[in-house]
Structure formats: C-alpha cells, structure tokens
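Accompanying notes for the structure given below.
Derivation of every value follows stated rules applied to the coordinates shown; laboratory data play no part. On a predicted model such as this, the values are computed, not experimentally measured, just so you know. All Cβ positions, glycine included, derive from the backbone under ideal geometry; neighbour counts span all protein chains shown.
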Amino acid sequence: MYSEKVMDHFRKPRNMGEIPDADGIGSVGNPTCGDLMNIYIKVKGNVLTDVKFKTFGCGAAIATSSMITELAKGKTLDEALKITRGDVAENLDGLPKIKMHCSNLAADGLHAAIKDYLKKKEE
Amino acid sequence: MRRIYLDHTAGKPIDKRVLKEMIPYFSQDYGNPSSPHYFGNQARTAIDESRTSIAELIGAEKKEEIIFTSGGTESNNLAIMGFAYRNQVKGNHIITSSIEHMSVINTCKHLNKQGFQITFLPVDEFGIVDLQSLEKEMTEKTILVSIMYANGEIGTIEPIQEIGDLVHSKGALFHVDAVAAAGQIPIDVQKEEIDLLSLSSNDMYGPRGVGALYIKTGTRIQPIMQGGGQERGLRSGTENLPGIVGMGKSAKIAKSEMTDEAERLTRLRDIFVKGVIDLIPESFLNGHPTLRLPNTVNVRFNYIEGESLILSLDMEGVVCSSGSACTSKTLEPTHVLLALGLQHEEAHGSLLFTFGKQNTREDVKYVLDILPSIVKRLRQMSPLTPKELID
C-alpha cells in the first residue's frame, strides 16, 4: 500500500520530538479524524535551523511529518513557505489516494509554525 | 521472518481436509446437479450431503431448510431483502442493531429508500443489544428483526434466544447473521427461535465464495436474483459445486471439533488480554469481558492510532487489523466501536486480534513480548501522550 520511502520514514522517523524552546509551533489536524501533527521550528536570522515533529496518526501522517522536517531544515522562511503538500508526497514517491487529503498535513503544519513565529516576532 | 497471523476475521486459511474433499469436484465429478444423468446425480448427492452437514451444525429440522449462496453478504441481502419484499403487505418496519455487518446495515438502508421503515437499535458499552429498546420499538408494522449472533469486530455474543422469544411474542420473524459465530460456538436455530440464519464458509475454514442461508419451513421469502430457479427457486445460478462440498466438510469438522477448539482459543485469548492490560498502561478491552467469541480480542490504546500500530506489528511479523477489513477503505473508524460510545480518537486507537486454529501459546507470548515497546514508541511520537507515560 505504501511506497518503500514512506515505510522508511515510518520505520526511522527523522527529527522526531519536541523543541522545548521552539520559536514557532504549528498544530494541525484533529485527533477525531485520526491525525494530529505538531511541528516545532527554531529560526536564526531568516533560516530554519531546526525542525522537529510530534504526530498522532497513521503511517502516512508520520512519514509526511518526518519528510517535512528534512525538506525544511536549512531553508529560508520564504523557501519553506513554498513547500507544498504535493512536494511532500512527491518526495515520498507518492501516497495512496485516500491519504492525500487527510494525512498529508505536514506542509500545513510547517506553514502554521512559521506563521506562529512571525506573529510572535511582531509582538 | 516468523509470521504470526492474527487476522482470522478478515480471512481464514482453508482446512486441508476441506481442500482434499473439494479437489475431485473440480475435474472428476463436475456434473451439474440439475442434470438427470449420472454426473448430475453425483453432484446432487454431494450437495445434499453438504446441506445435511450444515443443517446438523445449526440444529435445523430438515436439510431442505438450507440454501447455498455466494457468501455471508449475499445471505444477508437475500434474507432481509427477500423477506421484506415478500412480506410487505404485512408491514414495512424492520428492526436491526447499530453494530451489524455492513451487508445488513446497507441492505436496510437500501430498503429504507424503497419505503421501508428501519430502526437501528442501540447497544450498551459492551455491544449487547438493548432488549428494552427492542420491545419498545416493535409495533404491529414490524415484520422482521435482524440481529447478529456475535459481532466479528468486538466478539460480543448477543442474547439470541431472549431476542427470538421477544420477536415471536410480538408476531415478527427473526433473522440472525451468524457469520462470525458459526463454527465457533454452538447454534440451535430451533431452540433459539431463529427463522433465517446467514452463514459463510470461509469463516468456518471452508473456501471463499460460498455461504448458506437457513430458511425455516414456512418462512416466505422471494429471490433477489432471477434465473434458472436453482435452490428451490430462491437462488438462481449453477451451484458452486466444489465450494458447496467444501462448506459442508467445514461444517462437519466444526461440529466435531468446535468444543475443544473453543476451549483452547478461549484460554489463549484470556492469557493475551490479561497480558496486554497488565503490560501496557492505559490499554482497555473493547467489547464484553466474558460474553465474547473464543477467538476475538479488540483492545484500545490511548494516544496512538491503529494503522501505525498495524504497520509496526507487521514489521515484526505480526498481522492483525484495526477493525473490519471493509472499513479500511474509508478513513472513518468502524461504526461498531462508535456504537459502544467510544470517542473517535479512542476508536482510531483500537486493534483487532483474531486467533485461529494454527495459533499457539508461543504466538501469544511473542506478541506480548513486542507489543509494549511498539505502543511505547508510537506514544513517544504522539503529541497527545501525557509526559509521565513516556518517561
């Protein structure tokens, strides 16, 4: 059902965990639907120096969370905001159709974390 | 890698003795039971023997009360739809429960669109149908009550005899989906006042693609498929001869071995449940603690999701399910767990282990060895897990 790439990220999730002093946190999904994702970011200057995740959800939810941390780490905020759900799925060699909508939330989570950071910075 | 199969509700292996019995009917005794010649007679005799074995398994009075179908889904469709259309002059109300198999639920919903009134009865937290609600809902318009013998996802066994009594005292007839129960626990259609009973061959270690419907003498139903009038005109289509022979053999084996096997599986089941609850904090048994099928364990783990549990167990060679194999096509949690009153996230975190003939105590021990660390790993990943549970 899942690609080898998805299973690899599910088996060995990259950057799993919390960042206790995160500069921004994005929380997307809803446990009622079976997926909840928290993305934590650390920002220096304009660059994402660290990205971590914690996820409640299916194999696709965990793999996409893991993938977004790899895609976003080291990117500028502008570059990171351009990462789409499609990019995440593509880098995982695709996701089952039924999972594309519900469990492919990681890009939204990253964007929410960046917005959270920008909002805090303004205050 | 060692593989442990604990998904017997999704599909069972065929018993080797059943397979052996079937083989000649593919290429030696391949006649059509409707033919009057030698080959036809051979086929007819084989089918009648199978009918007898099934009648004996469920305590039917006569073998003619059994007709063959393509499986549990067709049996449920034929029983409910066939009965409803044939008896609609008497009334248009059908009662069923909220934890039935989709082939019952969706047949009832279909009938609802055709003008029938359908009541879905609630169940209690263990999945037992509420008899008081049943009594309250029955009116003179009620023609049929359809309740499953036991639920394949949580294992809960319903008070069939009490329901049968009640249904008949109110003048309606009683259909029972016994697909999950048959071959595991004793069924007596006469004593339990059952008028229609659905069976599936694979659930008794027979081949797939064959099932049966018990129709008590005097119960009127009409066919849902038109054709050559096989099976007393109720199920047209050339009989699936090898399949029917296989189903008969599986019923015969079930009748003679059921008691011992049920005892053995109940022991394995109870060791497993106790192990899970003892070893894993915030784990709970879904369904009834004692009124449950010998092979069925449905457990729930807070803060984590079922599919990632299944994938993790599969990586260690253990195969199970998150509920009905049918509901995994949608992302909704199974209606059965929601009917017990569980929250969506609780239902999402549930696992279904169903044991079978080849499972041993070593299998149980192996799963109990690996499951706690798998649950812990996923809980470490989950933002919902309270800190004290991970540290």
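Need one value for B:309-320: mean number of C-beta atoms belonging to other chains within 10 Å of its residues' C-beta atoms. Could you put the intermediate results ahead of the total?
On the way: counts 2, 2, 11, 4, 0, 1, 3, 0, 0, 0, 0, 0.
Counting other chains' Cβ atoms within 10 Å and averaging over B:309-320 gives 2.
Order the peptides B:174-185, B:365-376, A:77-88, B:5-16 from the highest to the lowest mean number of other Cβ atoms within 10 Å of their residues.
Numbers: B:174-185: 26.8, B:365-376: 17.6, A:77-88: 16.1, B:5-16: 19.2.
Ranked by mean Cβ neighbours within 10 Å, highest first: B:174-185, B:5-16, B:365-376, A:77-88.
What's the FRET efficiency of A:D87 with A:K120 using the Cβ-Cβ distance as r and R₀ = 25 Å, to the nearest 0.05? List each step's numbers first, then the result.
Working: r = 26 Å, r/R0 = 1.03.
Rounded to the nearest 0.05, the efficiency is 0.45.
From other protein chains only, count the Cβ atoms within 10 Å of every residue's Cβ in B:345-357, then give the mean. Walk me through the numbers before you get to the answer.
On the way: counts 7, 1, 2, 8, 3, 0, 0, 0, 0, 0, 0, 0, 0.
For this peptide, the per-residue mean of nearby foreign Cβ atoms is 2.
Counting Lys and Arg as +1 and Asp and Glu as -1, what is the net charge of the other residues whose Cβ lies under 13 Å from the Cβ of B:H344?
On the way: positive: B:R300; negative: A:D35, B:E305, B:E332, B:E345, B:E346.
For residues surrounding B:H344, the net value is -4.
To one decimal place, what orientation-averaged projected area in nm² is obtained for the convex hull of the Cα set of the protein assembly as shown? Don't jump to the answer; show the numbers that get you there.
Working: hull surface 109.2 nm².
The directionally averaged projection comes out at 27.3 nm².
Average partner chain C-beta neighbours within 10 Å, per residue of A:57-69? Intermediate values should be presented prior to the final figure.
Numbers: counts 8, 10, 7, 3, 4, 8, 2, 0, 1, 1, 0, 0, 0.
Mean shielding by partner chains, rounded to a whole number: 3.
When a footprinting reagent is the concern and you count Cβ atoms within 10 Å, what order do B:V89, B:V129, B:V318 take, fewest first?
Working: B:V89 7, B:V129 25, B:V318 22.
Lowest to highest Cβ neighbour count: B:V89, B:V318, B:V129.
How do B:197-210, B:264-277 rank on mean C-beta neighbours within 10 Å, highest first?
Details: B:197-210: 26.5, B:264-277: 17.6.
By packing density, highest mean first, the sequence is B:197-210, B:264-277.
Would you compute, from DSSP H runs of 4+ residues alone, the mean residue ellipticity of chain B at 222 nm, taking -39500 (n - 2.57) per run and dividing by the full residue count, rounded to the nearest 500? It would help to have the intermediate numbers written out before the result.
On the way: 13 runs with 160 residues, N = 391.
Theoretical 222 nm ellipticity from helices: -13000 deg cm²/dmol.
Equivalent-ellipsoid semi-axes (√(5λ), Cα gyration tensor) for chain B, whole Å, largest first?
37, 27, 17
Show which aspartates and glutamates lie in cross-link reach of B:K387 when reach means a straight Cα distance below 16 angstrom and same-chain residues fewer than eight apart are skipped.
A:E18, B:E282
Counting pairwise Cα distances across segment B:236-289, what percent come out greater than 15 angstrom?
Working: 959 of 1431 pairs.
The proportion of pairs with Cα distances above 15 Å equals 67 percent.
If you count the DSSP beta bridges with both ends in chain B, what percent of them are antiparallel, to the nearest 5?
Values: 22 of 42 bridges.
Antiparallel: roughly 50 percent of the beta bridges in chain B.
Tell me the label-point distance for the pair B:S373, B:Q343, using the 7 Å Cα-to-Cβ offset, in nm and rounded to one decimal.
Taking the two extended label points, one gets 3.1 nm.
Can you tell which of A:K73, A:K52, A:K97 shows the greatest fluctuation in a Gaussian network model of chain A with Cα springs below 10 Å?
Answer for the Gaussian network model of chain A: A:K97.
With contacts defined as alpha carbon pairs under 8 Å and 6 or more residues apart, what's the relative contact order of chain A in percent?
Working: 246 pairs, mean separation 38.6, N = 123.
Relative contact order, chain A: 31 percent.
If you take every DSSP beta bridge fully contained in the protein assembly as shown, what fraction is antiparallel? Give it as a percent rounded to 5.
Values: 39 of 60 bridges.
So the antiparallel bridges in the protein assembly as shown amount to around 65 percent.
Can you tell me the relative contact order of chain B? Whole percent, Cα pairs under 8 Å, sequence separation 6 or more. Numbers along the way, then the final one.
Numbers: 780 pairs, mean separation 86.1, N = 391.
Relative contact order for chain B comes out at 22 percent.
Once you place label points 7 Å from the Cα toward the Cβ at B:D278 and A:E4, how far apart are they in nm?
Each label point is offset 7 Å from its Cα along the Cβ direction, giving 4.2 nm.
How do B:V319, B:V297 line up, fewest other C-beta atoms within 10 Å first?
Values: B:V319 15, B:V297 25.
In increasing order of surrounding Cβ atoms, one gets B:V319, B:V297.
Can you tell me the FRET efficiency between B:D270 and B:M102 if r is taken as the Cβ-Cβ distance and R0 is 30 Å, rounded to the nearest 0.05?
0.55
Using label points projected 7 Å from each Cα along Cα→Cβ, tell me how many nm separate B:Y85 and B:Y30, to one decimal.
3.3 nm
FRET efficiency for B:E56 and B:S169, Cβ-Cβ distance as r, R0 = 22 Å, nearest 0.05? Mind showing how you got there, number by number?
Working: r = 28 Å, r/R0 = 1.29.
E between B:E56 and B:S169, to the nearest 0.05, is 0.20.
Can you list the lysines whose alpha carbon sits under 25 Å from that of B:K170, skipping same-chain ones fewer than 8 residues off?
Answer for B:K170, where 25 Å is the Cα cut-off: B:K90, B:K109, B:K136, B:K141, B:K191, B:K216, listed by chain and number.
In which sequence would B:T96, B:T69, B:T259 go, from the one with the fewest C-beta neighbours within 10 Å to the one with the most? Before the final figure, lay out each step's value.
On the way: B:T96 23, B:T69 27, B:T259 11.
Result, fewest neighbours first: B:T259, B:T96, B:T69.
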